[in-house]
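Here's the structure, in structure tokens; my notes come after.
Derivation of every value follows stated rules applied to the coordinates shown; laboratory data play no part. Keep in mind that this is a model prediction, so the values were computed, not measured.
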Amino acid sequence: MARSRSEARGDDKEEKTINLRGNEKNLPTIRKIFRHVDDFIDMANNGEVVWNNSELMSRMVSVERSIDTLTDSWQQALELAINGWPEGAQLITKTLQKRPMSQIDTPKSQGYDVAGFLPDVGRFLSGEPLCMLSDVNSAPKGKVVVNYSVSILVSADDNMQIISNFGAALISRIQFLEENGYRVALNWISMSNPYYVFQSQVDSGLLGPKVLIVFPLKSIDEPIKINRLAFWLMHPAAQRRIQFAIKERMNIEMWYQNKYGSPEIRIEEIKKECAENEIIIVINSECQSVEDAMKEILNQEKAQWKASEKRPLSR
């Protein structure tokens, strides 16, 4: 079976490498879409486990698991998912006070005002007082919606501080946008590739399915709830306990057992499963600070605006 970077840690001694031919395709993506975060939590906690031959890492208790998830038990992770993460919220508050570059690239467009950099002769001659072209915020309050879909999946090899950096930067960005007239909606998204590949699959040209898990974390009408966002966007247990628990309740054990898949970090692949107007944000494991993460978020936004040939953050 082929080995790729996994979401979980495990013993790889008995694995062997299978060379892919390069023209294989995945079976159709298996999707689990939730209408509310509470539905996501309910399935993770109360849904029927369908994996039969695997150790359930969502519930595992060990020193290593405590380090990987920053939780000592499933119950502790569950309480954080329900009530939020106060310690993470404190980190967010400090980040918001510093505003590391979140104010950069608020989109501007040309509009008319009583003062500006260039007169509109026609408006001036007609007696229109708003006759000067000026740079104005292109997002009047309450009218323009920004749709984010965010993946915090990282490899087991990555430092968990990377998740915290990205979460802090993203929440800072959202806060800034809403203060400047945008309405932000946020989806939590997990997309994984199958970890295990079998020779029979290579021979047939069909690999295991990708798995997509989505739930809305913030609607456009909701205020920013720092405690809740801090857990889902910054805490490793959101991925390594709660998300793992969902997979343990899906019929994907053959391809995802023990390893839980490898994170899909290619924006173009995730975008195939999302609405056209969604901005996909994925973690770059090379970002070692909140400031680096903010730069990466802004770069990912810009690339998607350019690809769609639309005004940034437009309706």
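Phi angles across the range 230-242 convert, under the Karplus curve 6.51 cos²θ - 1.76 cosθ + 1.60 with θ = phi - 60°, into 3J(HN,Hα) values of 4, 5, 6, 9, 10, 9, x, 5, 4, 7, 8, 10, 5 Hz, Gly and Pro given as x.
First check a/c for the range 39-95, with a ≥ b ≥ c the square roots of the eigenvalues of its C-alpha gyration tensor; if it is under 1.5, answer rounded, and if not, answer prolate when a/b is larger than b/c or oblate otherwise. Taking the square roots of the gyration eigenvalues as a ≥ b ≥ c, the range 39-95 is oblate. Say the cut-off is 29 Å between C-alpha atoms; which of 94/271; 225/271; 32/94; 25/225 go over it? 94/271; 32/94; 25/225, as the Cα separations exceed 29 Å there. Sorted largest first, the principal axis extents computed over the alpha-carbon atoms of the range 195-315 equal 46, 35, 31 Å.
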